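Enquirer: Starting off with a structure, shown below.
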Amino acid sequence: MMHEHTFCDLWEWGGRRDYNSIIDDEELLVEELAIYRQAGGAGVVDLTSQGIGRNPGGLRRLAEATELQIVMGCAWYRERVYPEFVHDLTTNALADRLIAEIQHGVDGTGVRPGIIGEIGTERFRITALEERVFRAAARAQRVTGVTISTHTTHFGDLALEQVALLSDEGVAPERIIVGHLGERRHARDVLAVAAKGVFVQIDHVGRPASAGTQPEEQRARNVVEVVRAGHLEQLLLSMDICANSQFHWNGGHGYDYLLTTFVPLLYREGLTESEVRTILVDNPRRALAY
């Protein structure tokens, strides 16, 4: 799964002050991830960034305890939770920080990121500070080769602008993952982004239909539509778990839901076992390799 969170702390996000979004129970995380492992899961990409609770040492312990391959992200999420130094440093100085983490590890832990992200934009426009982070991420990508994974607000807003900005810095399309797509009553927005040659990620599997999100059946139909339009090898899936209420222990669906519930739905909508394997195994392997 290419867009998940384990340890995270969204206490300051948007002023919500919500305990549901503080995930710090390591034993519970081991139990929840073990269920995913037992269901056939092998890897998790954790896109929790600095400023919202990234925990390199904790990720290493989770990987050791569960025997999962856990890939850590880097960079800075969205402007409201940027660390203060993001406001003060130049684009190149921020890029240097990312390069140092990727090449040498984080804060003496020896744990190195394997992806840049998630980095996000808000609605309507990309702010100057967000542009600085995107350009820094792009310059770090050019040096290290790692892929960039983005957050789009309202499920696809500014996706094409994100791609254009990263492309302007010389990032190859196959090194870009655009996140939070597939939440419309059609797949037109996903197809428009896929036409740029980047990875497109439908990563809110399991979220209930609500304001702006779609019923699970429509998510599945959007996946199938993207595949049938010829973009099978650009498609990624995930769940974006980031709250205690999503865990089995608290009555939620757990990390295994994509494998145990959504994949059978994809089969019912017409995908083959080979196509599902491409989406869940081959595409992540290519997206992460560098």
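The values are calculated or read from the model by the stated rules, or taken from the named source; none is laboratory data. Note that the structure is a prediction, hence the values are computed from the model and not measured. Note: ideal-geometry Cβ built from the backbone for every residue, glycine included; neighbour counts use all protein chains shown. Accessible surface areas use protein heavy atoms only, side chains included; no ligands, DNA or RNA. Shrake-Rupley method; radii C 1.70, N 1.55, O 1.52, S 1.80 Å.
Enquirer: Being assigned to a helix (DSSP H, G or I) and touching a Lys or Arg at 6+ places or on another chain (Cβ under 8 Å) is the filter; apply it to region 138-164 and report the residue that is most open to solvent (accessible area, probe 1.4 Å).
Expert: Step one: list which residues in region 138-164 are assigned to a helix (DSSP H, G or I), which gives 138-144, 159-164.
With touching a Lys or Arg at 6+ places or on another chain (Cβ under 8 Å) added as a condition, the list becomes 141, 160, 163.
Working: Q141: 12, L160: 77, V163: 10 Å².
Here the residue is L160.
Enquirer: Of the residues that sit in region 56-79 and are closer than 14 Å to I102 by Cβ and part of a loop (DSSP other than H, G, I, E, B), which one is nearest to the chain's Cα centre (by Cα)?
Expert: Among those residues, the one meeting the criterion is G73.
Enquirer: Out of all the residues in region 9-32, is one or more closer than 26 Å to V200 by Cβ, at pLDDT 95 or above and open to solvent by less than 60 Å² (accessible area, probe 1.4 Å)?
Expert: Scanning region 9-32, I find no residue that is closer than 26 Å to V200 by Cβ, at pLDDT 95 or above and open to solvent by less than 60 Å² (accessible area, probe 1.4 Å), so the answer is no.
Enquirer: Of the residues D96, D107, only one is in a loop (DSSP other than H, G, I, E, B) and more than 18 Å from the chain's Cα centre (by Cα); which?
Expert: None of the others qualify; the one that does is D107.
Enquirer: A further question follows. So is H186 open to solvent by 30 Å² or more (accessible area, probe 1.4 Å) and assigned to a loop (DSSP other than H, G, I, E, B) or not?
Expert: Criteria met by H186.
Enquirer: A further question on this structure: Those residues that are touching a helix residue (DSSP H, G or I) at 6+ places or on another chain (Cβ under 8 Å) and open to solvent by 50 Å² or more (accessible area, probe 1.4 Å), I need them from region 51-71; list them, please.
Expert: Listed by number, the residues that qualify are R61, A65, E67, Q69.
Enquirer: Take E118 and decide whether it is touching a residue at least 40 places away in the same chain (Cβ under 8 Å) and either surrounded by fewer than 17 Cβ atoms within 10 Å (Cβ to Cβ) or over 17 Å from V71 (Cα atoms) (or both).
Expert: On the way: touching a residue at least 40 places away in the same chain (Cβ under 8 Å): yes; either surrounded by fewer than 17 Cβ atoms within 10 Å (Cβ to Cβ) or over 17 Å from V71 (Cα atoms) (or both): no.
Against the criterion (touching a residue at least 40 places away in the same chain (Cβ under 8 Å) and either surrounded by fewer than 17 Cβ atoms within 10 Å (Cβ to Cβ) or over 17 Å from V71 (Cα atoms) (or both)), E118 does not qualify.
Quick grid of which residues meet (1) modelled with pLDDT of 95 or more; (2) out of contact with any strand residue (DSSP E or B) (no Cβ under 7 Å at 6 or more places or on another chain); (3) at positive phi:
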position	(1), (2), (3)
A194	yes, no, no
A211	no, yes, no
N222	yes, no, no
L237	yes, no, no
D240	yes, no, yes
L258	yes, no, no
T261	yes, yes, no
L265	yes, yes, no
R277	yes, yes, no
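Enquirer: In the set S245, S274, which member is loosely packed, with under 15 Cβ neighbours inside 10 Å, in contact with a Gly (Cβ under 9 Å, 6 or more places away or on another chain) and over 18 Å from E217 (Cβ atoms)?
Expert: S245
Enquirer: Same structure again: With (1) open to solvent by less than 50 Å² (accessible area, probe 1.4 Å); (2) of a type in the set (S, T, Y); (3) over 17 Å from the mean Cα position of the chain (by Cα) as the list, and T90 as the residue in question, which single condition is left unmet?
Expert: (1)
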